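Engineer: Take a look at the following structure, please.
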Amino acid sequence: MRVGIVGGLDRSEQSYQRAVRALGHEVEHHTGYMRGHASLELERLVDRSDLVVIVTDVNSHSAVQITRKLLRERSRPAVLVRKLGLSRLVALVESHASQIEAAAR
C-alpha cells in the first residue's frame, strides 16, 4: 500500500519513510507549498496513493483544498489531521491496511 502525506514538517519525512516501510508499505510526501509544478505533483501523489493523510497545521490552505477536490474526484480515502506524529501515522496505516484486508475477504 502507498500512503501519501500532504503537508507536515519536511524534517519528519525520513522518519515517516522508516516507520511506514517497517510496516511493509511505501510513503510519499508533498510539502503543501503550491508553487510551480506543485499542483501537478500533488495530483500525481493522489493518483498513486491508496490512502492520503492531509496535515492541516503545517500546510497551505490551497493545498488542502486542491487535495480534497482531487480525492473526491478519484474516490480515494483520506484522513485530515491537525498534526502528524509517528505513532499517529503508524496507527492510521495499520487501520487502513486492516480495512483493506477485511474488504478483500
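The values are calculated or read from the model by the stated rules, or taken from the named source; none is laboratory data. Just so we're clear, the structure is a prediction, and the values are computed from it rather than from any experiment. All Cβ positions, even for glycine, are placed from backbone atoms using ideal geometry, and neighbour counts span all protein chains on display.
Engineer: Of all residues in the range 65-105 being farther than 13 Å from D47 by Cα, outside any helix (DSSP H, G or I) and not aliphatic (A, V, I, L, M), which is modelled with the lowest pLDDT?
Structural biologist: R105
Engineer: Write out, first by first residue and then by second, each pair whose Cβ atoms fall under 7 Å of each other, whose residues are 6+ apart or on separate chains, and whose first residue, in the range 74-97, is closer than 15 Å to G4 by Cβ and surrounded by 15 or more Cβ atoms within 10 Å (Cβ to Cβ) while the second is of a type in the set (S, T, N, Q) and at pLDDT 95 or above.
Structural biologist: Hits for this filter: R76/S49.
Engineer: Please find, among R2, R48, R44, R18, the residue that is of a type in the set (K, R), within 10 Å of the chain's Cα centre (by Cα) and modelled with pLDDT of 95 or more.
Structural biologist: Values: R48 fails: within 10 Å of the chain's Cα centre (by Cα); R44 fails: within 10 Å of the chain's Cα centre (by Cα); R18 fails: within 10 Å of the chain's Cα centre (by Cα).
It is R2.
Engineer: Determine whether S62 is loosely packed, with under 15 Cβ neighbours inside 10 Å and in a helix (DSSP H, G or I). Lay out the reasoning, then the answer.
Structural biologist: Working: loosely packed, with under 15 Cβ neighbours inside 10 Å: yes; in a helix (DSSP H, G or I): yes.
It is true that S62 is loosely packed, with under 15 Cβ neighbours inside 10 Å and in a helix (DSSP H, G or I).
Engineer: Pairs needed: first member in the range 24-38, on the phi > 0 side of the Ramachandran plot and in a loop (DSSP other than H, G, I, E, B); second member anywhere, modelled with pLDDT under 90 and not acidic (D, E); C-beta distance under 7 Å; at least 6 residues apart or different chains.
Structural biologist: Final answer for the pair search is G32/N59; G32/S60.
Engineer: Another question, then. Residues E28, E41: which one is of a type in the set (D, E, K, R) and in contact with a Ser or Thr (Cβ under 7 Å, 6 or more places away or on another chain)?
Structural biologist: On the way: E41 fails: in contact with a Ser or Thr (Cβ under 7 Å, 6 or more places away or on another chain).
From the options E28, E41, the qualifying one is E28.
Engineer: What is the residue count in the range 27-38 for residues that are over 10 Å from the mean Cα position of the chain (by Cα) and surrounded by 15 or more Cβ atoms within 10 Å (Cβ to Cβ)?
Structural biologist: The first filter runs over the range 27-38 and keeps only residues over 10 Å from the mean Cα position of the chain (by Cα), leaving 31-38.
Subset that is surrounded by 15 or more Cβ atoms within 10 Å (Cβ to Cβ): 31-32, 34, 38.
Residues in the range 27-38 being over 10 Å from the mean Cα position of the chain (by Cα) and surrounded by 15 or more Cβ atoms within 10 Å (Cβ to Cβ): 4 in total.
Engineer: Go through the range 39-52 and give me each residue that's assigned to a loop (DSSP other than H, G, I, E, B) and of a type in the set (G, A, S). I'd like the intermediate steps shown before the answer.
Structural biologist: Looking only at the range 39-52, we keep the residues that are assigned to a loop (DSSP other than H, G, I, E, B), and these are 49-50.
Within the range 39-52, just S49 meets the criteria.
Engineer: If you scan the range 53-78, which residues turn out to be within 13 Å of the chain's Cα centre (by Cα) and closer than 21 Å to R11 by Cα? Before you say what the answer is, go through the steps one by one.
Structural biologist: The first filter runs over the range 53-78 and keeps only residues within 13 Å of the chain's Cα centre (by Cα), leaving 53-56, 59, 63-64, 67-68, 70-71, 76-78.
Answer for the range 53-78, where residues must be within 13 Å of the chain's Cα centre (by Cα) and closer than 21 Å to R11 by Cα: V53, I54, V55, T56, N59, A63, V64.
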